[in-house]
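Below is one structure, written out as structure tokens; the observations come after it.
The values are calculated or read from the model by the stated rules, or taken from the named source; none is laboratory data. Small disclaimer: the values here were computed from a predicted structure and weren't measured. Cβ sites come from the backbone with ideal geometry, for glycine too, and all protein chains shown count toward neighbours.
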Amino acid sequence: MALQRKSGILLHPTSLPGPDGIGDLGPEIYHWIDFLDQCGCRLWQILPLGPTGYGDSPYQCFSAFAGNPYLVSPLLLLEQGLLLPSDLSDRPTFPNHAVDFGPVITWKITLLDRAYAHFIKNKPAAIKKAYLEFCTKENEWLQDFALFMGIKEAFGGVSWDHWTEEYRKRNPETLVLFERDHSDVIEKQKFRQFLFFQQWELVHEYAHKKDIQIIGDIPIFVSYDSADAWSHPELFHLDAKGLPTCVAGVPPDYFSPTGQLWGNPLYRWDVHKAQNYAWWINRLRATLKVVDVIRLDHFRGFYNYWEIPYGSPTAVTGKWKKGPGKSVFEAIEKELHALPIIAEDLGEMDPGVYALRDALNLPGMKVLQFAFAADASDPFLPHNYPANCVVYTGTHDNDTTVGWYKQAPEKERDFYRRYMARSGDDVAWDLIRAGWSSKANYAIAPLQDLLNLGTEARMNYPGKPSGNWGWRFLSSHLSEPMANRLREQNVLYGRM
């Protein structure tokens, strides 16, 4: 994919302001797009938009195709007549600086159920027609997802390996009976998806009107507790009981002596290949309906991946296995006629990973916070960048730039000050200027760096099971001086 010289901001919709405890697809998201336009930024990067489960991580979703119903805006439902003002009268008081996921989820589900009740009672013709069209168009994944979520609800929310055998193994008679006896529960799940995609489509259209592209995110692996693993077990390394035989992770390294045990089921690439990668083609096609460019997380897994026996206490016992390589991308390109993909190629890499990336002409990633630990040969230093890459000050997995600088070893900070010819008093904007002035065609910074925020605003600590993904900002934070300052960078460095 050839990139045009542009810039953007990394911000997940959950971080937006709003009265319902979590950012959503209502008025504030349109103000946000206006702000991007005011800054002269033509890119907005988000995290995965799927329905989150345990730990609230957008990288562990109940489906690779569904949307997150907690992002549905109650204010827009009010405008549609799907909620009444009285439905919002018992809104709890939420903190505005962070998402308290437990109470938020309870509140959002309450509102979604009220909206569904109004829909069933009033049967508004235009909405009903749009809903039926959505169900028909998206049936290939929607029916399985709604059924999965309905059964999960019936079993008290537990992972599907704790369901009884006839549900785990998708006994046809059992599923037919469940659909008959729980049709309302299944329809409710479909209706939530309809609302999400209806609202997101308007957001996407508005971004296009402002000439802004949205960069989405696809985690290479899916969650075990997902409609994907349950409805297509043949595509994963699962045993006769539906349990994984091996799981994903990464081996021990300098940062983690026992490696990282992610626990996601691994793909049976031979089956995917025999099906001409149909599931992957469908996955990318679905994602490209809602975003314009995809950041492909853990790109190295397509070259080789770390296979860990299921039940291992750590990632130490794993071994490298060969991935599908170019063949999956060739199948995708043949079907979709493009590969609008950014390869997440961070970490210790086999040279073959870079060779695969370059053979596909995919841009890789550069992170400025990683640049100052060695010497002038470091590939993360701006003078070493190729044009076909994306530079970030930091990502959702890093500390904020202010937080990084405060905690970095003095040797690293000294190299930063000498390389940048700066004192370190304005470190976040120093790195923004370095990224924007570099040869990298895309330059992106998290909003936290524009706001000069410290570690308290960090989005995610990898390996920390809870307490992540909660950061939010206030609408008053988006000031005109900050927009003008970033716009000046865009003018100076040709990113308009």
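Some notes on this structure:
- In the stretch 78-117, the residue that is surrounded by the most Cβ atoms within 10 Å (Cβ to Cβ) out of those that are within 26 Å of the chain's Cα centre (by Cα) and part of a loop (DSSP other than H, G, I, E, B) is VAL99.
- Among residues of the stretch 459-468, those that are surrounded by 15 or more Cβ atoms within 10 Å (Cβ to Cβ) and touching a strand residue (DSSP E or B) at 6+ places or on another chain (Cβ under 7 Å), counted: 1
- Test: residue in the stretch 265-288 that is under 17 Å from PRO462 (Cβ atoms) and surrounded by 14 or more Cβ atoms within 10 Å (Cβ to Cβ): no
- Count of the stretch 213-264 residues which are under 24 Å from the mean Cα position of the chain (by Cα) and charged (D, E, K, R): 3
- Selection from the stretch 138-165 of residues that are surrounded by fewer than 15 Cβ atoms within 10 Å (Cβ to Cβ) and part of a loop (DSSP other than H, G, I, E, B): PHE155, GLY156, GLY157, VAL158, THR164
- Selected residue (criterion: modelled with the lowest pLDDT) from residues of the stretch 435-468 that are in contact with a Phe, Trp or Tyr (Cβ under 8 Å, 6 or more places away or on another chain), assigned to a loop (DSSP other than H, G, I, E, B) and not charged (D, E, K, R): GLY467
- Filter pass, PRO58 being touching a residue at least 12 places away in the same chain (Cβ under 8 Å) and touching a His at 6+ places or on another chain (Cβ under 8 Å): yes
- Conditions (1) in contact with a Lys or Arg (Cβ under 8 Å, 6 or more places away or on another chain); (2) over 21 Å from GLY249 (Cα atoms); (3) surrounded by 15 or more Cβ atoms within 10 Å (Cβ to Cβ); (4) not small (Gly, Ala, Ser): number failed by ASP345: (2)
- Some residue of the stretch 2-17 being assigned to a helix (DSSP H, G or I), over 27 Å from ILE220 (Cα atoms) and among the β-branched types (Val, Ile, Thr): no
- Among the residues of the stretch 425-455, the one identified as without any contact (Cβ under 8 Å) to a residue 40 or more places away in the chain, surrounded by fewer than 19 Cβ atoms within 10 Å (Cβ to Cβ) and under 27 Å from PRO95 (Cα atoms) is LEU451.
- Selection from the stretch 272-308 of residues that are among the polar types (S, T, N, Q), within 28 Å of GLY318 (Cα to Cα) and in contact with a Gly (Cβ under 8 Å, 6 or more places away or on another chain): ASN304
- Hey, PRO324 free of Cβ contacts under 8 Å to residues at least 12 places away in the same chain, of a type outside the set (Gly, Ala, Ser) and either farther than 30 Å from LEU142 by Cβ or surrounded by 14 or more Cβ atoms within 10 Å (Cβ to Cβ) (or both) or not: no
- Of all residues in the stretch 51-69, those being acidic (Asp, Glu) and either crowded, with 22+ Cβ neighbours inside 10 Å or in a loop (DSSP other than H, G, I, E, B) (or both) number 0.
- The stretch 469-487, residues that are in a helix (DSSP H, G or I), of a type in the set (Gly, Ala, Ser) and surrounded by fewer than 18 Cβ atoms within 10 Å (Cβ to Cβ): SER475, SER476
- Whichever residue in the stretch 192-212 is in a helix (DSSP H, G or I) and acidic (Asp, Glu) and, among such residues, is farthest from ARG170 (Cα to Cα): GLU205
- Test result for GLY102, touching a Cys at 6+ places or on another chain (Cβ under 6 Å) and either modelled with pLDDT of 95 or more or acidic (Asp, Glu) (or both): no
- Selection status of SER89, more than 30 Å from ARG458 (Cβ to Cβ) and either in contact with a strand residue (DSSP E or B) (Cβ under 7 Å, 6 or more places away or on another chain) or of a type in the set (Ser, Thr, Tyr) (or both): yes
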